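Novice: Once you've had a glance at the structure underneath, I'll fire off some questions.
The values are calculated or read from the model by the stated rules, or taken from the named source; none is laboratory data. Everything quoted here is computed from the prediction, not taken from an experiment. FYI the Cβ positions are ideal-geometry reconstructions off the backbone, even for glycines, and counts take in every protein chain you see. Just so you know, the surface numbers come from the protein's heavy atoms only, side chains and all, with ligands and any DNA or RNA stripped out. Shrake-Rupley method; radii C 1.70, N 1.55, O 1.52, S 1.80 Å.
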Amino acid sequence: MARYTRRTVPLAERSYTTIEVSRRLGVSLQTVQRWVDSGHLKAWKTLGGHRRIDAASAERLFAERAAGATPVVVVIDNQPGAREELVELVRQALPDAQVAAVEDGFRGLVAIGRAAPDIVVTDIQVAHMDGFEMLRSLVGASGPQPPAFIAVTALSDAELAALGPLPGQVLLFQKPPDPGRFIAALQDSASRVQARDEAAVGTTAAETRKPRGRHVRKSG
């Protein structure tokens, strides 16, 4: 059950909508709700039934992300050996990363929804789902999405061409990936995630300082 209560909110009390929190952190509204349900974010409902996120709770999460909190990575590959190799490369590139490794596309989408990852690493050929379609769906989603996608494949260039183009945001590596280049790509992706989070916190701070009073035009 969601951990929020219905109460009257003083006008001076600062808070965020779930949409504002999702945009700041680049996660889905469902992920924000899960954080509320788990107690990770403090929230309540107004008398009008609108959910509000406590400002201190949200800003603590903003700061954690901007302070270089550990990146979250989801790895999807149905071959156990290949999956372990990808996880090991992630560990080498990002020693503090939180890694969720799953064996098929369906579990991959579930893991992405739950973990709100910073980076998704997936094989093009995954069980129970077309990896191409999964990537196209994720990249083309209207809501927040992971900022970095890295795909791996054992398919030839001709086989890949027959499947159609990948979204431009997706980095593609042949299996097994070159360790040096793959690690560099992971580290670059993590750096871009941190820069995004720092920018989000800067925007939050600026909006917090913005005066809320009415502007009165002086006559004469």
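Novice: For the structure I just gave you, tell me whether LEU166 is aliphatic (A, V, I, L, M), in a loop (DSSP other than H, G, I, E, B), in contact with a Phe, Trp or Tyr (Cβ under 9 Å, 6 or more places away or on another chain) and modelled with pLDDT of 55 or more. Lay out the reasoning, then the answer.
Specialist: Details: aliphatic (A, V, I, L, M): yes; in a loop (DSSP other than H, G, I, E, B): yes; in contact with a Phe, Trp or Tyr (Cβ under 9 Å, 6 or more places away or on another chain): yes; modelled with pLDDT of 55 or more: yes.
So LEU166 passes the test.
Novice: Tell me, which residue of region 85-98 that is in contact with a strand residue (DSSP E or B) (Cβ under 8 Å, 6 or more places away or on another chain) and either among the basic types (Lys, Arg) or under 22 Å from ALA154 (Cβ atoms) (or both) is surrounded by the fewest Cβ atoms within 10 Å (Cβ to Cβ)? Even if it seems obvious, please write down each step before you answer.
Specialist: Our first condition is that a residue be in contact with a strand residue (DSSP E or B) (Cβ under 8 Å, 6 or more places away or on another chain); within region 85-98, this holds for 86-87, 90-91, 94, 97-98.
Still in the running and either among the basic types (Lys, Arg) or under 22 Å from ALA154 (Cβ atoms) (or both): 86-87, 90-91.
Numbers: LEU86: 28, VAL87: 18, VAL90: 24, ARG91: 13.
Filtering first and then ranking leaves ARG91.
Novice: Could you check, for region 5-14, whether at least one of its residues is at pLDDT 75 or above and either aromatic (Phe, Trp, Tyr) or open to solvent by 40 Å² or more (accessible area, probe 1.4 Å) (or both)? Explain how you work it out, then say what you get.
Specialist: We begin by selecting, within region 5-14, every residue at pLDDT 75 or above; these are 14.
From what's left, either aromatic (Phe, Trp, Tyr) or open to solvent by 40 Å² or more (accessible area, probe 1.4 Å) (or both): 14.
Within region 5-14, one or more residues are at pLDDT 75 or above and either aromatic (Phe, Trp, Tyr) or open to solvent by 40 Å² or more (accessible area, probe 1.4 Å) (or both).
Novice: Applying the selection to region 182-198, what residues are at pLDDT below 85, among the polar types (S, T, N, Q) and touching a helix residue (DSSP H, G or I) at 6+ places or on another chain (Cβ under 8 Å)?
Specialist: Going through region 182-198, the residues at pLDDT below 85 turn out to be 191-198.
From what's left, among the polar types (S, T, N, Q): 191, 194.
Correct list: GLN194 only.
Novice: Within region 171-179, is there a residue that is exposed (fewer than 14 other Cβ atoms within 10 Å of the Cβ), touching a residue at least 24 places away in the same chain (Cβ under 8 Å) and more than 21 Å from GLY105 (Cβ to Cβ)?
Specialist: Yes: region 171-179 contains one or more residues that are exposed (fewer than 14 other Cβ atoms within 10 Å of the Cβ), touching a residue at least 24 places away in the same chain (Cβ under 8 Å) and more than 21 Å from GLY105 (Cβ to Cβ).
Novice: Residues GLY202, GLY220, GLY143: which one is modelled with pLDDT under 60, open to solvent by less than 50 Å² (accessible area, probe 1.4 Å) and not in a helix (DSSP H, G or I)?
Specialist: On the way: GLY202 fails: not in a helix (DSSP H, G or I); GLY220 fails: open to solvent by less than 50 Å² (accessible area, probe 1.4 Å).
GLY143 is the lone residue from the list that is modelled with pLDDT under 60, open to solvent by less than 50 Å² (accessible area, probe 1.4 Å) and not in a helix (DSSP H, G or I).
Novice: Looking at ALA93, ALA100, ALA55, which is the one that is in contact with an Asp or Glu (Cβ under 9 Å, 6 or more places away or on another chain) and of a type in the set (A, V, I, L, M)?
Specialist: Details: ALA93 fails: in contact with an Asp or Glu (Cβ under 9 Å, 6 or more places away or on another chain); ALA100 fails: in contact with an Asp or Glu (Cβ under 9 Å, 6 or more places away or on another chain).
Within the list ALA93, ALA100, ALA55, the selection yields ALA55.
Novice: Here is a follow-up. If a residue has to be within 12 Å of SER15 (Cα to Cα) and modelled with pLDDT under 85 to count, how many in region 29-44 make the cut? Full working, then the answer.
Specialist: The first filter runs over region 29-44 and keeps only residues within 12 Å of SER15 (Cα to Cα), leaving 41-44.
Next cut, modelled with pLDDT under 85 only: 41.
Adding up the residues that qualify gives 1.
Novice: Further question on the same structure: What number of residues in region 99-130 are closer than 20 Å to ARG192 by Cβ and surrounded by fewer than 18 Cβ atoms within 10 Å (Cβ to Cβ)?
Specialist: Final tally of qualifying residues: 0.
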